[in-house]
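The values are calculated or read from the model by the stated rules, or taken from the named source; none is laboratory data. Bear in mind the structure is a predicted one, so any value in this text is a computation, not a measurement. Because the Cβ atoms are built from the backbone with ideal geometry, glycine has one as well, and the counts that use them run over all protein chains shown. Only protein heavy atoms, including side chains, enter the accessible area calculation; ligands, DNA and RNA are left aside. Shrake-Rupley method; radii C 1.70, N 1.55, O 1.52, S 1.80 Å.
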Amino acid sequence: MAESRHSVFRQFAASDWDGFLKGVEKEGLRVDRNGFIAQTPHPEALGSALTHPRITTDYSEALLELITPVFDNTRAMLKSLRDIHVFVQQNLGDEVFWPASMPCELNGDPSIPIAEYGSSNIGRLKHVYRQGLAVRYGRMMQSIAGAHYNVSFPDRFWQKWQALLGNEQSLKDFKSDQYFWLIRNFRRRSWLLMLLFGASPALDASFVDGVSHDLERFDDRTWYGEYATSLRMGDLGYHNNAQASLNICFNELSTYTQTLDRAIHTTWPAYEAIGTRRGDEFIQINTSVLQIENEYYSAVRPKRTTQREEKPIQALEARGVEYIEVRCLDLDPFSPVGVSQAQIDFLDLFLLDCLLSDSPRIGDAECERLDDNYKDVVANGRYRELTLCRGGQRTRVTDAATELLGQLEPLAELLDSWQGGSTYREALAAQRGVLDGDANVTSARVLETMRSSGLGHRDWVMEMALQHQSQLKQEGLDPETLQAFEAMTSSSLEEQRQMEQADTLPFGDFLAQYLRS
């Protein structure tokens, strides 16, 4: 019998283990003091959303996205994320930074301003892409926020791991195959993350105004799912019929890029009917099922840093997978920065075990079961009698979760023995406590806190936003860090100006050239 991958991993010495490389991208809306989405442009004090390395915008001009550099430890990464938050909070004027995934009060699509990136061709391309999202799905869906966790392993790990497995591929191909091994298991287990970290069981009534749904009344301004963990990841969130037709295959890099490329080059009748222009205005990049790769909504993505004007598929095919992006995390409204140390350390443990556990290819039947498990936990994860399909049998979700956490225990002990301390055992214990009833899963805690405060979604989240703002402003930044942020602001604005001055190609020609590449 072949030696298990867990046993092979134990052949590492403590000196061989360098840990994880990690970073976070955290979104959040700018909101006025009445709890309504901000109508103001991106603050100039935060620099250029097109070129700033730490502060940009996602879909909307009001939807900030804060990006950390890559770190080799959780504390340093969270310190960086906190510093970015402090700088943002210091430059919001009378506005606040919304700490929940489901949005503040909205007034339909017109109230959600699409992000602007200036007059350069790249800037216009980003804006047209967002116009395309608006005509395809409406803007409401694009006002939702989340946290993306990016994680990888150092090359020294991969070289040692490859040698222990006796693998003779190129390092590029080996790494890509191993990351997809991890991704397959992530897809099998991602329901657990929704159970533990789903944090959007309620929403403001304005979000579903005129929309059919099966939510329950919390108060006259708030709807909620009785057992829901994440409305953000359910049918009211990132969901649409065109993408439901996709069959993106996560078994290996070649099947992933081929099926994604097909979606980008397959027209969709409803989008053809819309066309790419309204008069002289470009309103979508193309009429395909996906305009670009980033339009595909998934809980996890294999990623490779792109060079300027390079497409994600091209980067992956040329240089292989560089890191994994976990995209299913709701913002934790109780945290001033949207994520916590215990959560990040648990994710590292969880993802490493996905790499070390057996991970056969996923066939169509299993793929359907995995999707059903995920959807069931998103919609009804807190229902004690909910069952999941695992190994051909129905298992209660709490029993399945307890079993998975138990499986992580030996790995947590091993990592702690290598690094010293109790980081991973504590992160695992925190999640055990949630399942054992010592604490509530985040979605239950949100509803419980709202009930005890007597506030609905908008007012409760607003109260949390003001608390976070006060706390972060009081902390402030040391002079050196503040100076570095101010320098990034000015240099990003100058870089955007230079890009705009350098562009001579008409945008229509630029877009045609982009689509041919």
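In the range 407-428, what residues are touching a residue at least 40 places away in the same chain (Cβ under 8 Å) and closer than 14 Å to Ala14 by Cα? Quick ask: steps written out before the conclusion?
Restricting attention to the range 407-428, the residues satisfying the condition of being touching a residue at least 40 places away in the same chain (Cβ under 8 Å) are 407-408, 410-412, 414-415, 417-419, 423-424, 426-428.
If the condition is that a residue be touching a residue at least 40 places away in the same chain (Cβ under 8 Å) and closer than 14 Å to Ala14 by Cα, then Leu411, Ala412, Leu414, Leu415, Ser417, Trp418, Gln419 are the ones that fit.
State which residue pairs qualify: first residue touching a residue at least 40 places away in the same chain (Cβ under 8 Å) and farther than 13 Å from Pro154 by Cβ and inside the range 1-20, second residue of a type in the set (D, E, K, R) and not in a helix (DSSP H, G or I) in any location, beta carbons under 9 Å apart, and separation of 6 or more residues or different chains.
Ser4/Asp358; Arg5/Asp358
Here are Leu63, Leu50, Leu46: which of them is crowded, with 22+ Cβ neighbours inside 10 Å, within 30 Å of Ala205 (Cα to Cα), aliphatic (A, V, I, L, M) and in contact (Cβ under 8 Å) with a residue 24 or more places away in the chain? Before you say what the answer is, go through the steps one by one.
Values: Leu50 fails: within 30 Å of Ala205 (Cα to Cα); Leu46 fails: within 30 Å of Ala205 (Cα to Cα).
The conditions single out Leu63.
If Asp478 passes every condition in (1) modelled with pLDDT under 95; (2) more than 28 Å from Leu193 (Cα to Cα) but one, which one does it miss?
(1)
All but one of (1) assigned to a helix (DSSP H, G or I); (2) more than 15 Å from Leu192 (Cα to Cα); (3) hydrophobic (A, V, I, L, M, F, W, C) hold for Phe350, so report the exception by its number.
Answer for Phe350: the failing condition is (2).
Pull out all pairs, ordered by first then second residue, where Cβ-Cβ is under 7 Å, the residues are six or more apart or on different chains, the first lies in the range 90-107 and is closer than 18 Å to Gly146 by Cα and of a type in the set (S, T, N, Q), and the second is assigned to a strand (DSSP E or B) and open to solvent by less than 10 Å² (accessible area, probe 1.4 Å).
Ser101/Ser200
Where the second residue is assigned to a helix (DSSP H, G or I) and open to solvent by less than 80 Å² (accessible area, probe 1.4 Å) and the first is free of Cβ contacts under 8 Å to residues at least 24 places away in the same chain and lies in the range 460-484, which pairs have Cβ atoms under 8 Å and are six or more apart or on separate chains?
If the second residue must be assigned to a helix (DSSP H, G or I) and open to solvent by less than 80 Å² (accessible area, probe 1.4 Å), the pairs left are Trp460/Thr449; Trp460/Met450; Trp460/Ser453; Glu463/Ser453.
Within the range 141-181, can you find the residues that are of a type in the set (Val, Ile, Thr) and touching a Pro at 6+ places or on another chain (Cβ under 7 Å)? Please lay out each step first, then the result.
Restricting attention to the range 141-181, the residues satisfying the condition of being of a type in the set (Val, Ile, Thr) are 144, 151.
Ile144, the sole residue that qualifies.
Take the conditions surrounded by 16 or more Cβ atoms within 10 Å (Cβ to Cβ), among the acidic types (Asp, Glu) and out of contact with any strand residue (DSSP E or B) (no Cβ under 7 Å at 6 or more places or on another chain) and apply them to Asp353. Does it pass? Show your work before the answer.
On the way: surrounded by 16 or more Cβ atoms within 10 Å (Cβ to Cβ): yes; among the acidic types (Asp, Glu): yes; out of contact with any strand residue (DSSP E or B) (no Cβ under 7 Å at 6 or more places or on another chain): yes.
When the stated conditions are applied, Asp353 passes them.
Within the range 290-312, take every residue that is under 10 Å from Leu260 (Cα atoms) and among the hydrophobic types (A, V, I, L, M, F, W, C) and give me the one that is surrounded by the fewest Cβ atoms within 10 Å (Cβ to Cβ).
Ile292
Scan Ala270, Ala342 and give me the residue that is over 21 Å from the mean Cα position of the chain (by Cα), outside any loop (DSSP other than H, G, I, E, B) and of a type outside the set (D, E, K, R).
Values: Ala342 fails: over 21 Å from the mean Cα position of the chain (by Cα).
Exactly one of Ala270, Ala342 is over 21 Å from the mean Cα position of the chain (by Cα), outside any loop (DSSP other than H, G, I, E, B) and of a type outside the set (D, E, K, R), namely Ala270.
Here's a check for you: in the range 274-329, which residue that is of a type in the set (S, T, N, Q) and not in a loop (DSSP other than H, G, I, E, B) is nearest to Val24 (Cα to Cα)?
The first filter runs over the range 274-329 and keeps only residues of a type in the set (S, T, N, Q), leaving 276, 284, 286-288, 291, 294, 298, 305-307, 314.
Imposing the further condition that a residue be not in a loop (DSSP other than H, G, I, E, B) reduces the set to 288, 294, 314.
Details: Ser288: 30, Asn294: 17, Gln314: 23 Å.
Within the range 274-329, the match that is nearest to Val24 (Cα to Cα) is Asn294.
Considering each residue of the range 358-368, count those that are outside any helix (DSSP H, G or I) and open to solvent by 10 Å² or more (accessible area, probe 1.4 Å), and give that number.
5
Within the range 173-199, which residues are part of a helix (DSSP H, G or I), closer than 15 Å to Val326 by Cα and of a type in the set (Gly, Ala, Ser)?
Ser190
Take the residues in the range 76-99 that are touching a helix residue (DSSP H, G or I) at 6+ places or on another chain (Cβ under 7 Å) and of a type outside the set (A, V, I, L, M, F, W, C), then tell me which one is farthest from Gln469 (Cα to Cα).
To start, the set of residues in the range 76-99 that are touching a helix residue (DSSP H, G or I) at 6+ places or on another chain (Cβ under 7 Å) comprises 78, 83, 85-91, 96-99.
Retained after the next criterion (residues that are of a type outside the set (A, V, I, L, M, F, W, C)): 83, 85, 89-91, 99.
On the way: Asp83: 13, His85: 9, Gln89: 6, Gln90: 9, Asn91: 11, Pro99: 10 Å.
Ranking the candidates gives Asp83 first.
Is at least one residue of the range 325-342 touching a residue at least 60 places away in the same chain (Cβ under 8 Å), touching a Lys or Arg at 6+ places or on another chain (Cβ under 7 Å), open to solvent by 20 Å² or more (accessible area, probe 1.4 Å) and over 30 Å from Ser470 (Cα atoms)?
No, the conditions are met nowhere in the range 325-342.
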